[in-house]
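The values are calculated or read from the model by the stated rules, or taken from the named source; none is laboratory data. Nothing here was measured: the structure is a model prediction, and the numbers come from that model. So basically every Cβ, Gly included, is an ideal-geometry build from the backbone, and we count neighbours across all protein chains shown.
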Amino acid sequence: METRIVRINYTKENEPDPASEKAIAEAGRILKEGGLVAFPTETVYGLGGDAFNPESSRRIYQAKGRPSDNPLIVHIADIGDLPELSDRIPKEAYLLSDRFWPGPLTMILPKKDRVPKETTGGLDTVAIRFPSNPAAKALIREGGGFIAAPSANRSGRPSPTSAKYVIEDLSGRVDVILDGGDCVIGLESTIVDLTSEIPTVLRPGGVTLEELREVLGDVEIDRALIKDDSGIAPKAPGMKYRHYAPKGDLTVVRGEKAAVERYINGEIEKARNTPGHHIITAVIASTETASSYRADIIKNIGAREDENAIARNLFRILRECDDEGAGRIFAESFAGPGLKEAVMNRLLKAAGHKEITV
Ligand code: AMP
Ligand code: MG
């Protein structure tokens, strides 16, 4: 299949310009006909298909190489469309949509019969999000209002935060890729299950636990998230897969600044002195510490205080470590509240939970 790559440009008002609008309308027509379109959102790039067309959903799984029990998120561009997907909408859903939509929040609700099981990975519930990216909103509208879209990466790779990585993963596998520049958040949406008695976070993301609690009061965290090796199956099927794993051996190092630097530099020295094949070493560091390391590759993820930069840069850096052939990767820990919860969830997943405290 030939993949068309279309650049989206914006007006001063941050709306797609007339030429981009035309391209989005054409992409919307392709979605309605059962085709696949990758598009930018504020979280990560999505791989879209018509959510009501089971064949489109099958094609999404095929293009990604995704296990078919891992459900897709249905994207809408109008809160009024929510009742088309679910007929049991609790008041919490409206409290959340008032505050966080459009934005990086996904809600799980009981699904209506018309939502095909192919879209929900066989589940009786459906995941729903209203993204804020203007190109995404326009595409959803043009595509009929209900677009199933997981992240636009090949299964097992970090979610793409720029079109370059979508092209790398999905060229020849989708009809159109809309290139709308870099994603502003860079991590996937927060998923909240509203079908349990107490609303439960299944995946941390752009909306923080603190923000959810401000609106809902009591909010639980899926126990499987707290420790991945607890033996409990996560409630979001996708969370059980080892996502984001770079090819190199990644370890997260936690502790006082000086101890972390000493430990990582010591390990780099050891890797260097291992006879035989040279192992390329990399460190994922903060602006404050980047100059202290002696690795072959130093990735500055952002200032420690700047959780937005850390979130935005993480997936790009994991991909770059692969592209540059890093065999051993050490990452500082960015543990903390707010967005750092989501950062550490992804980073520890990428490390297969290999974390040491020094
Ligand atoms: P992605 O869009 O690639 O980040 O993947 C969608 C995520 O949403 C995966 O982790 C899915 O397991 C999760 N998800 C989608 N639908 C549901 C659902 N009905 N119940 C629980 N988790 C879901
Ligand atoms: Mg994904």
Restricting attention to segment 29-52, which residues are within 16 Å of ligand 2 (Cβ to nearest atom) and of a type in the set (Asp, Glu)?
Glu42
Considering only segment 195-219, state which residues are surrounded by 15 or more Cβ atoms within 10 Å (Cβ to Cβ) and under 15 Å from Ile108 (Cβ atoms).
Thr195, Pro199, Thr200, Val201, Leu202, Arg203, Pro204, Gly205, Val207, Leu212, Leu216, Val219
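Being on the phi > 0 side of the Ramachandran plot and touching a Leu at 6+ places or on another chain (Cβ under 8 Å) narrows it down to one residue among Gly255, Gly186; which is it?
On the way: Gly255 fails: touching a Leu at 6+ places or on another chain (Cβ under 8 Å).
The conditions single out Gly186.
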By residue number, the members of segment 106-127 that are within 16 Å of ligand 2 (Cβ to nearest atom) and touching a strand residue (DSSP E or B) at 6+ places or on another chain (Cβ under 6 Å) are Thr106, Ile108, Thr119, Thr120, Ala127
Where the second residue is among the acidic types (Asp, Glu) and the first is more than 21 Å from Lys247 (Cβ to Cβ) and lies in segment 340-358, which pairs have Cβ atoms under 6 Å and are six or more apart or on separate chains?
Lys340/Glu307
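So for segment 209-226 (the condition being part of a loop (DSSP other than H, G, I, E, B) and either at pLDDT below 95 or within 11 Å of ligand 1 (Cβ to nearest atom) (or both)), does at least one residue qualify? Give the steps one after another, and end with the answer.
Let us first name the residues in segment 209-226 that are part of a loop (DSSP other than H, G, I, E, B), namely 217-219, 222.
Right, trim to either at pLDDT below 95 or within 11 Å of ligand 1 (Cβ to nearest atom) (or both) and you get 222.
The answer is yes, given that some residue of segment 209-226 is part of a loop (DSSP other than H, G, I, E, B) and either at pLDDT below 95 or within 11 Å of ligand 1 (Cβ to nearest atom) (or both).
So how many residues does segment 268-309 have that are over 28 Å from Thr161 (Cβ atoms) and not in a loop (DSSP other than H, G, I, E, B)? If you could, list the steps in order and put the result at the bottom.
Of all residues in segment 268-309, those over 28 Å from Thr161 (Cβ atoms) come to 269-278, 294.
Filter once more, keeping what is not in a loop (DSSP other than H, G, I, E, B): 269-273.
Qualifying residue count for the region: 5.
Residues being surrounded by fewer than 20 Cβ atoms within 10 Å (Cβ to Cβ) and within 19 Å of the chain's Cα centre (by Cα): count how many of those fall in segment 318-332. Spell out how you get there, then give the answer.
Residues of segment 318-332 surrounded by fewer than 20 Cβ atoms within 10 Å (Cβ to Cβ): 320, 322-325, 327.
With the extra rule that they be within 19 Å of the chain's Cα centre (by Cα), the set shrinks to 320, 322.
Residues flagged as surrounded by fewer than 20 Cβ atoms within 10 Å (Cβ to Cβ) and within 19 Å of the chain's Cα centre (by Cα) within segment 318-332 amount to 2.
Please report, ordered by residue number, the strands (runs of 3 or more DSSP E) entirely within segment 4-110 with at least 1 residues that are surrounded by fewer than 18 Cβ atoms within 10 Å (Cβ to Cβ). Even if it seems obvious, please write down each step before you answer.
Working: elements: 4-7, 37-39, 46-50, 73-75, 105-110.
Per the criteria, 4-7, 105-110.
Does segment 187-203 hold any residues that are assigned to a strand (DSSP E or B) and either within 16 Å of ligand 2 (Cβ to nearest atom) or among the basic types (Lys, Arg) (or both), and which are they?
Within segment 187-203, the subset assigned to a strand (DSSP E or B) is 190-193, 200-203.
Passing the criteria: Thr190, Ile191, Leu202, Arg203.
How many residues are within 14 Å of the chain's Cα centre (by Cα) and either at pLDDT below 95 or among the polar types (S, T, N, Q) (or both) if we restrict to segment 347-356?
2
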Taking the condition of being of a type in the set (Val, Ile, Thr), farther than 16 Å from Ala351 by Cβ and in contact with a Lys or Arg (Cβ under 8 Å, 6 or more places away or on another chain), how many residues in segment 258-292 meet it?
5
Restricting to segment 113-130, and then to whatever is within 16 Å of Gly46 (Cβ to Cβ) and part of a loop (DSSP other than H, G, I, E, B), can you tell me which residue is farthest from ligand 1 (Cβ to nearest atom)?
Phe130
Would a scan of segment 131-140 turn up a residue that is without any contact (Cβ under 8 Å) to a residue 12 or more places away in the chain and more than 29 Å from Gly217 (Cα to Cα)?
no
Please enumerate the residues belonging to segment 182-200 that are free of Cβ contacts under 8 Å to residues at least 60 places away in the same chain and among the polar types (S, T, N, Q).
Ser196, Thr200
From Thr161, Thr195, which residue is polar (S, T, N, Q), more than 16 Å from the chain's Cα centre (by Cα) and modelled with pLDDT of 95 or more?
Thr195
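For segment 47-90, enumerate the residues that are charged (D, E, K, R) and under 19 Å from the mean Cα position of the chain (by Cα).
Narrowing segment 47-90 to residues charged (D, E, K, R): 50, 55, 58-59, 64, 66, 69, 78, 81, 84, 87-88.
Correct list: Lys64, Arg66, Asp69.
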Matching residues, segment 153-170, being of a type in the set (S, T, N, Q), over 12 Å from Ala245 (Cβ atoms) and surrounded by fewer than 21 Cβ atoms within 10 Å (Cβ to Cβ):
Ser162
Just need a number here: residues in segment 167-186 that are more than 19 Å from Pro131 (Cα to Cα), within 17 Å of the chain's Cα centre (by Cα) and in a loop (DSSP other than H, G, I, E, B).
0
